[in-house]
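For reference, the structure discussed in these notes is given below.
The values are calculated or read from the model by the stated rules, or taken from the named source; none is laboratory data. What you see is a predicted model, and the numbers here were worked out from it, not measured in a lab. No Cβ is skipped: glycine too gets one built from the backbone with ideal geometry, and neighbour counts run over all protein chains shown. Heavy atoms of the whole protein, side chains included, go into the accessibility calculation; ligands, DNA and RNA do not. Shrake-Rupley method; radii C 1.70, N 1.55, O 1.52, S 1.80 Å.
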Amino acid sequence: LQFLYLFLQINLRLILVSGKTKEFLFSPNDSAADIAKHVYDNWPMDWEEEQVSSPNILRLIYQGRFLHGNVTLGALKLPFGKTTVMHLVARETLPEPNSQGQRNREKTRESNCCVIL
């Protein structure tokens, strides 16, 4: 039964900005906020220099996107039995969804002119 429990876990390799990594096992029902709290409560000794003051500022980045606190690993359809890599950063706020894309579109509109001499 314990083997089955381990098999149904998701292995996350978390990478800090410094490049340090650590692997943790989580349930598919765990959310990004649950993961941040677990990592904060079990902060690795070799990450001491990167220690943060609160789990609320820990953010996960998966495939280039910040995960909002209520997103579960199961919702991301992460594979069991394989290691999934995510970045862990300390950041007070998350960017607004699509704000960067909107800004890029506006810049494109502004620069759609040329001068022919």
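Based on this model, can you work out whether Ser54 counts as hydroxyl-bearing (Ser, Thr, Tyr) and either closer than 17 Å to Ala90 by Cα or surrounded by 16 or more Cβ atoms within 10 Å (Cβ to Cβ) (or both)? Considered against the rule, which asks whether it is hydroxyl-bearing (Ser, Thr, Tyr) and either closer than 17 Å to Ala90 by Cα or surrounded by 16 or more Cβ atoms within 10 Å (Cβ to Cβ) (or both), Ser54 comes out as yes. Select from segment 72-117 the residues that are modelled with pLDDT of 70 or more and of a type in the set (S, T, N, Q) and list them in ascending order. Once the filter is applied, which keeps residues that are modelled with pLDDT of 70 or more and of a type in the set (S, T, N, Q), segment 72-117 yields Thr72, Thr83, Thr84, Thr93.
For segment 57-84, name all the residues that are surrounded by fewer than 13 Cβ atoms within 10 Å (Cβ to Cβ) and of a type in the set (S, T, N, Q). Passing the criteria: Gln63, Asn70, Thr83. Of all the criteria given as (1) modelled with pLDDT of 95 or more; (2) in a loop (DSSP other than H, G, I, E, B); (3) not acidic (Asp, Glu), the one not satisfied by Leu12 is (2). Filter segment 21-43 down to the residues that are part of a loop (DSSP other than H, G, I, E, B) and open to solvent by less than 60 Å² (accessible area, probe 1.4 Å), then identify the one that is farthest from Gly81 (Cα to Cα). My answer is Trp43.
Taking segment 48-58 as the range and being touching a helix residue (DSSP H, G or I) at 6+ places or on another chain (Cβ under 9 Å) and either part of a helix (DSSP H, G or I) or of a type in the set (Phe, Trp, Tyr) (or both) as the test, the residues that pass are Pro55, Asn56, Ile57.
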